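Here, each number is a calculation from the coordinates, and none is a lab measurement. The structure presented is a predicted model; accordingly, all values stated were derived computationally and were not measured. Cβ atoms come from the backbone with ideal geometry, glycine included; neighbour counts cover every protein chain shown.
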Amino acid sequence: MSRLQLEIKQLIIDALGLEDIAPEDIVADEPLFGDGLGLDSVDALELGLAIQKRFGIRIDAEAKDTRKHFANVDSLTAFVEANRPAVA
Amino acid sequence: MVEFNIERWQAWAPGLECPASWSRWAAAPWPLEPADAQPAVDFLPAMQRRRLSRLARMAFAVAAPLADGRPPMPLVYVSRHGETPRNYALLAELAREEPLSPTQFSLSVHNAFIGLWSILRGDPSEMTALAGEGDGLEHAVLEAAMLLAEGAPAVLLVVAEDQPPAIYGPWIDDVPCPYAVALLLTPGQDWRLALEPPSADAEPSARPHALELVRALALEHPQIRHSWKSRQWNWQRTH
């Protein structure tokens, strides 16, 4: 598990109040929403906000690809990696 | 005047979680004080429980035991101050010009609890959220009595108040501690509630009306009077 991936899992747990879940319980290539982890639409908004705050990435809720980026931890990690502002 | 039966009641406050502890308190009330405690509500799955504020947890904790094993029924919820901690958190985010948390926002409204109750219990019955003054309890009873008069076989009444954030201290002086009370009301004549002109010696209750009522129920007092502004409420147990 990469450091960024672990950070994202922890962010999901903290932002969404998943008190009984540890980072290793979240399977990186399993769906976050619906089946898989079982998150809902309010979680999607909350997680989008958390990603925006933590990584300074602007997320367009209407964009076609947003749903794809939020599919699972793997896709979210790749999205953050590709879009986070370069650290000086 | 309205008439009804109080089939069962349930109450929660820090350190007062079972009927026996309420009986002890009723017999010799000690001062209720602010606390960080909140009810466990372990009966709700963790995924459903995680977003509940203390206010909603308290409301679930008192309402669920009265609803378990019964068919769906209307619910009347009343709170004077509502989700003050959530609202304060949202206002603080606005002041810092930060985006608002969607979870906080969606659950900060006054009818959030009845929505959660309806969804988590799968109960589509009519549900009402009232914001009352110091006598919100009595107004909620009127609302419930009207539902009974319309033919509801039972109505669940929930009063809940959370301890407000400290910054509201100068304006909110009627929440000694977080508390919630639920009443299972059914048609009948055991209790009579009437609004009367205030008597000359009427004084505001020392404690929130809902807790005064719990005390009367625990001690089986036949009568209590609650005064609020120009309204005097007379509760009488007829037998």
For chain A, with a Gaussian network of springs between Cα atoms less than 10 Å apart, report the residue from A:11, A:32, A:45 with the top mean-square fluctuation. A:45
In degrees between 0 and 90, to the nearest 10, how far off the longest principal axis of chain B does helix B:112-121 point, with axes built from Cα atoms? 90 degrees
Starting from the Kirkwood Rh over alpha-carbon pairs, what translational D in µm² s⁻¹ does chain B have by Stokes-Einstein at 25 °C and 0.890 mPa s? 133 µm²/s
Value at 222 nm in deg cm²/dmol, rounded to 500, when DSSP H runs of n ≥ 4 in chain B each add -39,500 (n - 2.57): -9500 deg cm²/dmol
Per the helix-only calculation at 222 nm, which mean residue ellipticity applies to chain A, given -39500 (n - 2.57) for every DSSP H run of n ≥ 4 and division by its residues, nearest 500 deg cm²/dmol? -15000 deg cm²/dmol
For the range B:178-227, what mean projected area does the convex hull of the alpha carbons give, in nm²? 4.5 nm²
Return the ratio Rg/(2.2 N^0.38 Å) for the range B:46-86, where Rg is computed over Cα atoms only. 1.31
Over all alpha-carbon pairs in the range B:94-235, figure out the percentage whose distance exceeds 23 Å. 45 percent
So how tilted is helix B:54-67 from the main axis of chain B? Cα-based, degrees 0 to 90, rounded to 10. 50 degrees
The range B:7-126 pair-distance distribution - Cα-Cα, 10 Å bins, rounded %: 11, 37, 34, 15, 3, 0
I need the phi-derived Karplus couplings for the range A:57-71: 6.51 cos²θ - 1.76 cosθ + 1.60, θ = phi - 60°, integer Hz, Gly and Pro marked x. 9, 7, 10, 9, 4, 8, 4, 4, 7, 4, 4, 5, 5, 9, 5
In the neighbourhood of residue A:82 defined by beta carbon distances under 14 Å, the net charge of the other residues (Lys, Arg +1; Asp, Glu -1) is 0
Convex hull volume of the range A:3-83 per residue (C-alpha atoms, cubic angstrom): 85 Å³
Expressed as a fraction of 2.2 N^0.38 Å, the rule-of-thumb size for a compact globular protein of N residues, what is the C-alpha radius of gyration of the protein assembly as shown? 1.18
Counting pairs of alpha carbon atoms under 8 Å apart in space and at least six apart in sequence, what relative contact order in percent does the range B:2-190 give? 38 percent
For the range A:3-8, 3J(HN,Hα) per residue [Karplus equation, 6.51 cos²θ - 1.76 cosθ + 1.60, θ = phi - 60°, Hz, x = Gly/Pro]: 5, 5, 5, 5, 4, 5
Got the relative contact order for chain A handy, in percent, Cα pairs under 8 Å and 6 or more residues apart? 31 percent
Along the range B:189-206, what does the Karplus equation 6.51 cos²θ - 1.76 cosθ + 1.60 (θ = phi - 60°) give for ³J(HN,Hα), rounded to whole Hz, x for Gly and Pro? 10, 4, 10, 10, 10, 10, 9, 10, x, x, 7, 4, 9, 5, 10, x, 5, 5
Given a Förster radius of 41 Å and the C-beta distance between residue B:225 and residue B:40 as r, what FRET efficiency does 1/(1 + (r/R0)^6) yield to the nearest 0.05? 0.70
